[in-house]
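Student: Below is a structure I'd like to ask you about.
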Amino acid sequence: MKFNTKAIHGGQKPDKAYGSVMQPIYQTTTYAQTTPGEHKGFGYSRTHNPTRTALERAFASLENGEYGVAFGSGMAAIDAVLKLLKSGDEVIATNDLYGGTYRLFTNIYEDFDVKFHFVGMENIGEIESYINENTKLLWIETPTNPMMRIIDIEAVAKVSKKHSLLLAVDNTFATPYLQRPLELGADIVMHSATKYLGGHSDVVLGGLIVRDKGLADKLYFIQNASGAIPGPQDCFLMLRGLKTLHVRMQRHGENAKAVAEYLVKHPEIEKVYWPGFINHPNHEIAKKQMKDFGGMLSFTTKNNDYDAAIKMVEKLKIFTLAESLGGVESLAGHPASMTHASIPKEERERTGVVDSLIRLSVGIEDVDDIIGDLDQALA
Ligand SMILES: Cc1ncc(COP(=O)(O)O)c(C=O)c1O
């Protein structure tokens, strides 16, 4: 099946009971047994639930993996990956990272003696200089959040294979429509499915996708043992959202391109970060590993003024000022005071998250209305 067909049918079959085309919401905690231990593959809903299993198959299909593992949020999915580690292990992670991931790593796992190195991974040689015998995991996001840097997944995968490390890629921004890290050599793909995969800003959910059976078994064990599972209604909503992923992503990409081209010419704008520009430092890698450039971009205004940036986002009418991204509606965010507020100012500015930086999740409304809204807010 090609991707657009997989988005609708991947891993899905009509339900066995009545042939229902959409996977039913199995709102049950437990399942009847004929004799102790004898059941139809489902014993207790923390361990397995048919609606969740259907979603996990869909996740695996979209990322061209073998096994999907669903969680109650993207953070719960990341947490499960970190539970593969032990005290004393070291992780090398992208320095331009989602703030919540940074918080989980530094505020929780550092207390369990896991050590993290935050590194600018556009330079592959830089990664190798941090590898030692304790290194177990490489963690990357690409495009990065919110600076839209691009990391060469295939090149990082070569480093991880050479040193027998696990490579995990947070594929939230790109989605499998644009890039499939497992095909490029990654071991684990992670999603905040809350974003583009769900696509309608109505469900918080996370996912991991892998190809290796041993790794999948460990993650299923953690999923059940720690219990951070999504409920069947949320799995149903996610399954519904996935069916239009390809159509939404195509329009997100078209609209974001138009917005980037508008902003770059605007006299009040200092910089626009969008990997589709030929002069974006990693444009060639983006072209190589992504089908298109996605719906996310960020920009700074001249004078880099914190208050002016806040005023600008307050004036927006079509864009909603909100955390999150990836829904059909356009959202704007001010990372310094919102998503990245938990990263110390000095550290966030080192990676480019300055006071005037504004991040846009360009929705699929009419592009003229989207640009008109930015125009009035910047006036
Ligand atoms: C890139 C990225 N990774 C992970 C997460 C965490 O996901 P969730 O909010 O579903 O827990 C987010 C949330 O914004 C994100 O943007």
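The values are calculated or read from the model by the stated rules, or taken from the named source; none is laboratory data. As the structure is a prediction and not an experimental result, all values here were calculated from the model. With ideal geometry, Cβ positions are generated from the backbone for all residues, glycine too; neighbour counts draw on all protein chains shown. Please note that ligands, DNA and RNA were not included when accessible areas were found on the heavy atoms of the full protein model with its side chains. Shrake-Rupley method; radii C 1.70, N 1.55, O 1.52, S 1.80 Å.
Student: From Glu346, Glu314, grab the single residue that is surrounded by fewer than 16 Cβ atoms within 10 Å (Cβ to Cβ), closer than 27 Å to His117 by Cβ and over 20 Å from the mean Cα position of the chain (by Cα).
Tutor: When all the criteria are applied, what remains is Glu346.
Student: In addition: Say whether the condition of being over 30 Å from Phe3 (Cβ atoms) and among the charged types (D, E, K, R) is met by at least one residue in the stretch 274-297.
Tutor: No, every residue in the stretch 274-297 fails to be over 30 Å from Phe3 (Cβ atoms) and among the charged types (D, E, K, R).
Student: From the list Ile370, Ile343, Ile278, Ile310, which one is within 24 Å of Gly199 (Cα to Cα) and either outside any strand (DSSP E or B) or of a type in the set (A, V, I, L, M, F, W, C) (or both)?
Tutor: Answer to the selection: Ile370.
Student: For the stretch 282-299, give me the residue count where each residue is polar (S, T, N, Q) and open to solvent by 10 Å² or more (accessible area, probe 1.4 Å).
Tutor: Adding up the residues that qualify gives 2.
Student: Is one or more of the residues making up the stretch 267-282 touching an Asp or Glu at 6+ places or on another chain (Cβ under 8 Å) and over 23 Å from Pro181 (Cβ atoms)?
Tutor: no
Student: Among (1) of a type in the set (Val, Ile, Thr); (2) within 15 Å of the ligand (Cβ to nearest atom); (3) more than 22 Å from Arg248 (Cα to Cα), where does Val189 come up short?
Tutor: (3)
Student: Considering the stretch 311-348 alone, what residues qualify as being away from the ligand (no atom under 16 Å from the Cβ), in contact with a strand residue (DSSP E or B) (Cβ under 9 Å, 6 or more places away or on another chain) and aliphatic (A, V, I, L, M)?
Tutor: Met312, Val313, Leu316 - these are the residues of the stretch 311-348 that are away from the ligand (no atom under 16 Å from the Cβ), in contact with a strand residue (DSSP E or B) (Cβ under 9 Å, 6 or more places away or on another chain) and aliphatic (A, V, I, L, M).
Student: A further question on this structure: Output the strands (runs of 3 or more DSSP E) that fall wholly within the stretch 166-253 and possess 2 or more residues being farther than 23 Å from Arg149 by Cβ, or say none.
Tutor: 206-210
Student: Taking the options Thr144, Thr172, name whichever one is within 16 Å of the ligand (Cβ to nearest atom) and modelled with pLDDT under 95.
Tutor: The conditions single out Thr144.
Student: Test each condition in (1) out of contact with any Gly (no Cβ under 7 Å at 6 or more places or on another chain); (2) at pLDDT 95 or above for Gly327 and report the one that comes out false.
Tutor: (1)
Student: Residue by residue through the stretch 87-112, note down the ones that are assigned to a loop (DSSP other than H, G, I, E, B), open to solvent by 20 Å² or more (accessible area, probe 1.4 Å) and closer than 25 Å to Glu346 by Cβ.
Tutor: Asn95, Tyr98
Student: When residues of the stretch 203-221 are filtered for being of a type in the set (A, V, I, L, M), open to solvent by less than 40 Å² (accessible area, probe 1.4 Å) and within 16 Å of the ligand (Cβ to nearest atom), how many remain?
Tutor: 4
Student: Could you tell me whether any residue of the stretch 48-67 is within 19 Å of Phe221 (Cα to Cα) and aromatic (Phe, Trp, Tyr)?
Tutor: Yes: one or more hits.
Student: Taking the options Gly326, Gly276, name whichever one is open to solvent by less than 10 Å² (accessible area, probe 1.4 Å) and either farther than 30 Å from Gln27 by Cα or not aromatic (Phe, Trp, Tyr) (or both).
Tutor: Exactly one of Gly326, Gly276 is open to solvent by less than 10 Å² (accessible area, probe 1.4 Å) and either farther than 30 Å from Gln27 by Cα or not aromatic (Phe, Trp, Tyr) (or both), namely Gly326.
Student: With respect to Val259, is the statement that it is within 30 Å of Thr5 (Cβ to Cβ), open to solvent by 30 Å² or more (accessible area, probe 1.4 Å) and not hydroxyl-bearing (Ser, Thr, Tyr) true?
Tutor: When the stated conditions are applied, Val259 does not pass them.
Student: Can you list residue pairs whose Cβ atoms sit under 8 Å apart, with the first residue in the stretch 142-165 being closer than 19 Å to Asn95 by Cβ and the second being more than 12 Å from the ligand (Cβ to nearest atom) and among the acidic types (Asp, Glu)? Count only pairs 6 or more apart in sequence or on different chains.
Tutor: Sorted first by the residue in the stretch 142-165, then by its partner, the pairs are Arg149/Glu122; Ile150/Glu122; Ile151/Glu122; Asp152/Glu122; Val159/Glu128; Ser160/Asp187.
Student: Can you name the number of the only condition in (1) open to solvent by 10 Å² or more (accessible area, probe 1.4 Å); (2) assigned to a helix (DSSP H, G or I); (3) closer than 28 Å to Asn279 by Cα that Arg149 fails?
Tutor: (2)
Student: Please pick out the residue among Leu137, Leu182 that is within 16 Å of the ligand (Cβ to nearest atom) and either touching a strand residue (DSSP E or B) at 6+ places or on another chain (Cβ under 8 Å) or more than 22 Å from Gly74 (Cβ to Cβ) (or both).
Tutor: Selected residue: Leu137, the only one of Leu137, Leu182 that is within 16 Å of the ligand (Cβ to nearest atom) and either touching a strand residue (DSSP E or B) at 6+ places or on another chain (Cβ under 8 Å) or more than 22 Å from Gly74 (Cβ to Cβ) (or both).
Student: So, one more: Look at the stretch 1-23 and say how many of its residues are under 21 Å from the mean Cα position of the chain (by Cα) and not in a loop (DSSP other than H, G, I, E, B).
Tutor: Within the stretch 1-23, residues that are under 21 Å from the mean Cα position of the chain (by Cα) and not in a loop (DSSP other than H, G, I, E, B) number 5.
Student: Hey, any hits in the stretch 88-100 for a residue that's modelled with pLDDT of 95 or more and among the polar types (S, T, N, Q)?
Tutor: Taking every residue of the stretch 88-100 in turn, none turns out to be modelled with pLDDT of 95 or more and among the polar types (S, T, N, Q).
Student: Failed condition for Leu84, given (1) in contact (Cβ under 8 Å) with a residue 60 or more places away in the chain; (2) within 16 Å of the ligand (Cβ to nearest atom); (3) among the aliphatic types (A, V, I, L, M); (4) under 27 Å from Thr351 (Cβ atoms), with all others met?
Tutor: Exception for Leu84: condition (2).
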